[in-house]
1. Taking neighbour counts of Cβ atoms within 10 Å as a proxy for exposure, in what order, fewest first, do 28, 43, 98, 63 appear?
2. Which of 64, 159 comes first, and how do the rest follow, when ranked by fewest Cβ neighbours within 10 Å?
3. To the nearest 0.05, what FRET efficiency results for residue 90 and residue 54 with a Förster distance of 35 Å applied to their C-beta separation?
4. Once you put a point 7 Å from the Cα of residue 134 and another 7 Å from the Cα of residue 114, both along the Cβ direction, what distance in nm separates them?
5. Taking neighbour counts of Cβ atoms within 10 Å as a proxy for exposure, in what order, fewest first, do 79, 96 appear?
6. Starting from the Cα-Cα distance between residue 97 and residue 157, subtract it from 0.36 nm times their residue separation and give me the gain in nm to one decimal.
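Rule-based calculations on the coordinates, nothing more; no lab input. Keep in mind that what you see is a predicted model, and the values were worked out from it rather than measured. Glycine also receives a Cβ, built like all others from the backbone with ideal geometry; neighbour counts cover every protein chain displayed.
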């Protein structure tokens, strides 16, 4: 599927995209984009599990590491598919759905610590935003580049603040 229009909502995305294209060109031949997507989702799930079920304040620090790994894996998978000529519409859709799941994991994990009743509301909001992105991408051929990196940076800053405050 050909994307007709890309909308960049943040200034970081273009620089990040160039960096990860260079990184994708240097990766091993055995590294498959689907494996990288699975690693991204697993790191998001790990973040949720740490924040939701471990009471030690170090869980915030470990979550920062997992969010950083998620950023690398999530940014690399699509570029890897394009560089290795493995890009397919189903893979792009799986990537978008994994982004939705990861967003829900991050927000749910953080809110499970701060204000547990907000988990359902935050999950609903994240689900609506991500479904809208998928629908725009699928039906209107518009890809919205909406600050995933900035969201991860904000998440890391919040976790560090909570670590030092507790």
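1. Details: 28 5, 43 22, 98 19, 63 29.
The order, fewest Cβ neighbours first, is 28, 98, 43, 63.
2. Details: 64 19, 159 26.
Listing 64, 159 from fewest to most nearby Cβ atoms yields 64, 159.
3. On the way: r = 35 Å, r/R0 = 1.01.
With R0 = 35 Å, the Cβ-Cβ based efficiency is 0.50.
4. If labels sit at residue 134 and residue 114, their model points lie 2.5 nm apart.
5. Result, fewest neighbours first: 96, 79.
6. Gain on stretching residue 97 to residue 157: 19.1 nm.
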